Amino acid sequence: MSGKHILALSGGVGGAKLAAGLAAVMAPDDLTLVVNTGDDFEHLGLTICPDLDSVTYALAGLNDAVRGWGVKDETWQTMAMLRALGEEGWFNLGDRDMGMHIARSWRLRAGETLSEVTARLTRELGIAHAVVPMSDDPVRTQVLTDAGWTDFQRWFVGNQCVDAVLDVRFEGVPGARPSPCLTKTLARDDLAAVVICPSNPFLSVDPILALDGVRDALAALRVPVIAVSPLVGGAAIKGPLAKMLAERGHGVSNEAIACHYQDHWGDLLDHLLIDEADEADVSCLQARGLRVTVTKTMMREAADRERLAKEVLAIAGI
Ligand code: FO1
């Protein structure tokens, strides 16, 4: 049986764009979007899941495209009041966005799993596709800087990624199990491909691959793993990827991305889509045994997201 189901792995902003493109061109039953939860944290008594938020808002058409995170047409009265009350103001929670965090947090506290809560919240926002957390067990990304180990959001938002990252770890791993839906999807006999969305490999994709059993399950699959590079023109579209590659002593290149999935994770990548601006990378990627597609990977509008999603599906044979 030739499969037609796609398992897509996504982080936040960049990944969410391709996730939305895939959802726009695929039937709900044919797509499972698994989202990084390593960026999650507890803040002001709430459980914040930034990447789940970004994917959810993108699929619901609620995302703020300019800011890149959070909800469009946002207001900030709650934040202003929190600051007036002397509470921490470094992490911005919009008034509309706050509804998401309150709904998620109280349901978690009432005993629902993150998978159950996410299924409920996405359904309520009219999303028909499966948006699932990578795990129901807490995984918390931390970065090592000269100041010691720091929680991810404290570094990403609080420190604006200024401090150089010497190392990254995922608290809770090993021991964190893939979510039930991720486990089920990995075992589907109609799987056509695994798609790695254009997300930061070190911060957004590695936490998913590091979950108990996930790397080995992916390696055992007989379907291609297809990644869309998060680099365009030798730079990251958004976020600290370029800076992190440079700090690790790597070039800011698609070869470094390929090298990470192939060498660090043991040949986990079959096909890489890169931007036209990086066409010069083709020969070295092919020399590494990869199949390469050169295309436009910048997704400014819905049409860009859908075109790129269709290209990925064509590579997957769908
Ligand atoms: N990113 C920022 O740069 N500043 C913020 O104040 C901020 C608040 C925020 C609130 C909710 C949410 O879901 C995401 C938020 N983000 C914010 C984005 C987020 O921190 C990062 O984009 C991701 O963690 C990286 O993928």
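With the chain treated as a Gaussian network of Cα nodes joined by springs under 10 Å, which of PHE41, PHE91, PHE152 yields the largest mean-square fluctuation?
Largest GNM mean-square fluctuation: PHE91.
What list of ³J(HN,Hα) couplings, whole Hz, do you get for the range 157-166 from phi and the Karplus terms 6.51, -1.76, 1.60, once you set θ to phi - 60° and write x for glycine and proline?
Each residue of the range 157-166 in turn: 9, x, 9, 6, 6, 5, 5, 5, 8, 8 Hz.
Of all DSSP beta bridges in the chain, what percent run antiparallel (nearest 5)?
In the chain, DSSP labels about 40 percent of beta bridges as antiparallel.
Which shape class applies to the range 55-160: rounded if a/c is under 1.5, otherwise prolate when a/b exceeds b/c and oblate if not, where a ≥ b ≥ c are the square roots of the Cα gyration tensor eigenvalues?
oblate
With angles folded into 0 to 90 degrees, how steeply does helix 13-25 sit against the dominant principal axis of the chain? Use alpha carbons for both and round to 10.
70
Could you tell me what percent of the accessible area of the range 103-192 is made up of carbon and sulfur, with a 1.4 Å probe and every protein chain present?
52
Taking only Cα atoms, what is the 0 to 90° angle, nearest 10, from helix 50-60's long axis to the longest principal axis of the chain?
80
Tilt of helix 302-315 relative to the longest C-alpha principal axis of the chain, in degrees (0 to 90, nearest 10)?
The two axes meet at around 40 degrees.
Determine ³J(HN,Hα), in whole Hz, for all residues of the range 288-297 in sequence, where each value follows from phi through the Karplus function 6.51 cos²θ - 1.76 cosθ + 1.60 and θ = phi - 60°; x replaces Gly and Pro.
Working through the residues one at a time gives 7, x, 8, 7, 10, 10, 9, 8, 8, 9 Hz.
Taking Cα pairs under 8 Å and at least six residues apart, what relative contact order does the chain come out at, in percent?
RCO, the chain: 20 percent.
Which shape class applies to the range 189-264: rounded if a/c is under 1.5, otherwise prolate when a/b exceeds b/c and oblate if not, where a ≥ b ≥ c are the square roots of the Cα gyration tensor eigenvalues?
prolate
Heavy-atom accessible area per residue, the range 57-100, 1.4 Å probe: how many Å²?
Averaged over the residues of the range 57-100, the accessible area is 54 Å².
Choose one of TRP76, ILE127, GLY11: the residue whose Cα lies farthest towards the positive end of the charge dipole of the range 1-129 (beta-carbon charges +1 Lys, Arg; -1 Asp, Glu; about the Cα centre).
ILE127
Report, in debye and to the nearest 20, how large the dipole of the range 1-104 comes out about its Cα centre when Lys and Arg carry +1 and Asp and Glu carry -1 on their Cβ.
About 280 debye.
Could you give the dipole magnitude of the chain about its Cα centre, charging the beta-carbon of Lys and Arg +1 and that of Asp and Glu -1, in debye to the nearest 20?
So the dipole magnitude of the chain works out to roughly 460 debye.
When we measure straight from the Cα of LYS4, which lysines land under 23 angstrom away, once same-chain ones fewer than 8 places off are left out?
Excluding near neighbours in sequence, the set is LYS17, LYS184, LYS310.
So what's the projected area for the range 1-80, the Cα convex hull averaged over all directions, in nm²?
Mean projected area for the range 1-80: 6.6 nm², to one decimal.
If I build a Gaussian network model for the chain, linking alpha-carbon pairs within less than 10 angstrom, which residue out of THR118, THR78, THR150 has the largest mean-square fluctuation?
THR78
Quick check on the range 227-318: take the gyration tensor over C-alpha atoms, sort the square-rooted eigenvalues as a ≥ b ≥ c, and tell me if it's rounded (a/c under 1.5), prolate or oblate.
Note, shape of the range 227-318 comes out oblate.
I'd like the distance between the alpha-carbon centres of the range 64-125 and the range 299-315, rounded to an integer number of Å.
29
Can you list the HN-Hα couplings for the range 84-97, worked out from phi with the Karplus curve (6.51, -1.76, 1.60; θ = phi - 60°), rounded to whole Hz and with x for Gly and Pro?
Computed from phi, the couplings for the range 84-97 are 4, 8, x, 7, 4, x, 6, 10, 8, 10, x, 5, 6, 4 Hz.
Under the rule of at least 5 residues apart or a separate chain, name every residue whose amide H is placed under 5 Å from the amide H of ARG188.
none
Can you compute the radius of gyration and Dmax for the range 147-288, using only the Cα atoms, both in Å?
So, for the range 147-288, Rg and Dmax equal 15.9, 47 Å respectively.
Mean residue ellipticity at 222 nm from the helices of the chain, using -39,500 (n - 2.57) per DSSP H segment of n ≥ 4 over the full residue count, to the nearest 500 deg cm²/dmol?
-9500 deg cm²/dmol
Go through VAL294, ALA236, ILE315 and say which Cα lies farthest out towards the positive end of the charge dipole of the chain; charges sit on Cβ, +1 for Lys and Arg, -1 for Asp and Glu.
The residue sitting most towards the positive pole is ILE315.
With +1 on the Cβ of every Lys and Arg and -1 on the Cβ of every Asp and Glu, and nothing else charged, how large is the dipole of the range 217-292 about its Cα centre, in debye rounded to the nearest 20?
With only Lys, Arg, Asp and Glu charged at Cβ, the dipole is about 240 debye.
The values are calculated or read from the model by the stated rules, or taken from the named source; none is laboratory data. Quantities reported herein were computed from a predicted structural model and do not represent experimental measurements. Cβ coordinates were reconstructed from backbone atoms using ideal geometry, including for glycine residues, and neighbour counts include every protein chain displayed. Areas reflect the complete protein model, heavy atoms only, side chains present, ligands, DNA and RNA absent. Shrake-Rupley method; radii C 1.70, N 1.55, O 1.52, S 1.80 Å.
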